[in-house]
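Structure first, then comments.
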Amino acid sequence: MGNQVEKLTHLSYKEVPTADPTGVDRDDGPRIGVSYIFSNDDEDMEPQPPPQGPDGGGGGLPDGGDGLPLPSPQPYDPRLHEVECSVFYRDECIYQKSFAPGSAALSTYTPENLLNKCRPGDLVEFVSQAQYPHWAVYVGNFQVVHLHRLEVSNSFLTDASQGRRGRVVNELYRYKPLSPSAVVRNALAHVGAKERELSWRNSESFAAWCRYGKREFKIGGELRIGKQPYRLQIQLSAQRSHTLEFQSLEDLIMEKRRNDQIGRTAVLQELATHLHPAEPDVSDSDAARTTPPPGRPPAPAREEGAREAVVR
């Protein structure tokens with residue numbers, strides 16, 4: 001056993017197979033010695049978003065309790081609520097969300113208008129303030145396949161949106177996608193899978209796996225040995241960024257989604273509190289780099305309603 005462990009620790013990441021040569025990762029069942037975490041899709045931990053009007057804001061209540069109407073919520077603006085960030089595997093950028101001038105990739109649409117922009121195999125993201133983003137795979141005929149409440153379901157896009165605005169997000173991850181027909185097959189093949197049959201922690205990981213076929217999106221899909229190879233670079237301003245390091249893409253996605261849920265302002269406040277107040281200006285030098293702030297684990301071992309199963 002000792003020799004086997006020694007050999008394992010000397011494996012380079014390139015020697016670890018991450019996908020089938022055909023581009024579709026084969027599911028060989030549970031892996032021995034891997035702890036599997038089963039939990040509700042993380043966006044279901046939060047209250048459902050209020051009904052939204054055509055501008056993406058909440059519908060509001062007619063009465064604030066004292067006879068006065070409540071003020072109308074502001075329309076959803078990604079630049080105000082979302083965190084601009086990039087993800088790197090070693091020196092390769094594998095994901096980027098940018099608010100660069102003239103970029104329309106993050107524009108959001110009502111579910112009805114979004115249908116006109118979707119093609120089979122597209123990744124769709126539904127967003128709302130103070131909610132986890134919800135991802136789905138568009139499979140045609142006005143329908144999507146998505147991981148929701150511990151089950152992979154086939155729903156109409158308008159139903160899956162739950163009133164949230166949405167967008168096509170094929171360009172966020174920079175992996176080479178599978179063909180549209182393969183993406184649709186991947187999604188439809190898992191409709192009905194639930195609870196312990198699931199290999200993904202959240203809707204984003206499931207949808208991304210359908211499109212790219214990479215086992216890094218699966219629970220326990222990577223060996224967590226050695227230095228942390230993944231970096232989440234959060235843009236603080238035009239000149240400054242802060243970098244968090246992770247051992248797996250799975251953990252990084254959990255942290256990235258948490259940032260989207262709590263919102264840009266809260267993320268910047270957390271980082272300002274964590275960073276040393278006397279830290280020198282590094283506008284023309286390297287970005288600050290740390291592990292996630294204390295009390296803020298990148299991927300909690302157990303979420304609300306979670307169940308853990310250890311395969312021995």
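Annotations
- Considered as a group, the residues in region 242-255 that are out of contact with any Ser or Thr (no Cβ under 8 Å at 6 or more places or on another chain) and open to solvent by 10 Å² or more (accessible area, probe 1.4 Å) include one that is farthest from VAL127 (Cα to Cα), and that residue is GLN247.
- Top-ranked residue of region 81-98 - restricted to ones that are open to solvent by 30 Å² or more (accessible area, probe 1.4 Å) and part of a loop (DSSP other than H, G, I, E, B), ranked as nearest to GLN228 (Cα to Cα): ARG90
- Given (1) free of Cβ contacts under 8 Å to residues at least 40 places away in the same chain; (2) buried (at least 18 other Cβ atoms within 10 Å of the Cβ), index of the condition TYR230 fails: (1)
- Test for ARG119: is it outside any loop (DSSP other than H, G, I, E, B) and more than 25 Å from SER199 (Cβ to Cβ): no
- Test: GLN269 is open to solvent by 40 Å² or more (accessible area, probe 1.4 Å) and modelled with pLDDT of 95 or more: no
- Taking first residues from region 81-99 that are under 18 Å from SER248 (Cβ atoms) and at pLDDT 95 or above and partners that are hydrophobic (A, V, I, L, M, F, W, C) and in a loop (DSSP other than H, G, I, E, B), the Cβ contacts under 9 Å between residues at least 6 apart in sequence or on separate chains come to TYR95/LEU172.
- Restricting attention to region 128-161, the residues that are closer than 30 Å to CYS93 by Cα and surrounded by fewer than 16 Cβ atoms within 10 Å (Cβ to Cβ) total 1.
Yes or no, residue by residue, for (1) over 14 Å from the mean Cα position of the chain (by Cα); (2) open to solvent by 40 Å² or more (accessible area, probe 1.4 Å):
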| position | (1), (2) |
| --- | --- |
| GLY163 | yes, no |
| ALA182 | yes, no |
| ASN186 | yes, no |
| VAL191 | yes, yes |
| SER199 | yes, no |
| ASN202 | no, no |
| ALA207 | no, no |
| GLY213 | yes, no |
| GLU222 | yes, no |
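- Odd one out for PRO298 among (1) modelled with pLDDT of 55 or more; (2) crowded, with 19+ Cβ neighbours inside 10 Å: (1)
- The criterion of at least 1 residues that are without any contact (Cβ under 8 Å) to a residue 12 or more places away in the chain is met, among helices (runs of 4 or more DSSP H) falling completely within region 140-218, by 157-161, 180-189.
The values are calculated or read from the model by the stated rules, or taken from the named source; none is laboratory data. From a predicted model like this one, the values you see are computed outputs, not experimental measurements. All Cβ positions, glycine included, derive from the backbone under ideal geometry; neighbour counts span all protein chains shown. Heavy atoms of the whole protein, side chains included, go into the accessibility calculation; ligands, DNA and RNA do not. Shrake-Rupley method; radii C 1.70, N 1.55, O 1.52, S 1.80 Å.
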